[in-house]
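For reference, the structure discussed in these notes is given below.
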Amino acid sequence: MKNLFLSAVVATATLASCSTVSSILQNTFPYNATVLVTSGSPANTTLSNVSPAQSINQLTGAGANVRDIRVSNATMSVPNNTSMGIFKSVKVYLSNNGSNEVLVASRDAIGDNVGSSLSLDVNTSQTLDNMMKSGAVQARVVYVLKQSPTSDISLKTSIGFSSVPVTNP
């Protein structure tokens, strides 16, 4: 009888700890999207590119275990031989395959000598639960160039999300 009780206690503790670790891992998760800015793209014109995104189910495998998904941080980067100063402004939108588009991060008036990485201003006011749990999320990057690039530029967007674990009563 003692062994059965002890086994039940150990099994319960193990399951609870696995659930806790899973919740911690799912409370913050990253997302990366890369778009190509082609050489000869016109300056002083609003341009955009779409990059396929991933849902939380693809990122963590368990979207049902989190809620209140919000953007917590966002950065953009280009290869080291390029500067983010080539851009006047950038905006990042997430959507369900082009519909229900939401502005999640942006930056205007980008300085000339900012380097190859730039932190964006994030929109934390909106929850993205339905969008991130759907299977068809995509990212659209809208940008204005200061000058036409002489070679293709790989523009990488990294977005961090925060969430709250769903607890079962």
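Read the figures in this text as sums done on the coordinates, not as results from a lab. Just so it is clear, the model here is predicted, and its values are computed rather than measured. Reconstructed Cβ throughout: ideal geometry from the backbone, glycine too, with neighbour counts over all protein chains shown.
Things worth noting here:
- Sites Lys146 and Asp108, calculated FRET efficiency, Cβ-Cβ separation with R0 22 Å, nearest 0.05: 0.95
- At 1.306 mPa s and 10 °C, Stokes D of segment 28-165 from Kirkwood alpha-carbon radius, µm² per second: 104 µm²/s
- 18 Å Cα-Cα reach of Lys88 towards aspartates and glutamates, excluding residues that sit fewer than 8 places from it in its own chain: Asp108, Asp112, Asp121, Asp152
- FRET efficiency for Ser72 and Ser117, using Cβ-Cβ distance with R0 set to 22 Å, rounded to 0.05: 0.80
- By the count of other C-beta atoms within 10 Å, a proxy for reagent exposure, Val122, Val50 are ordered fewest to most as Val50, Val122.
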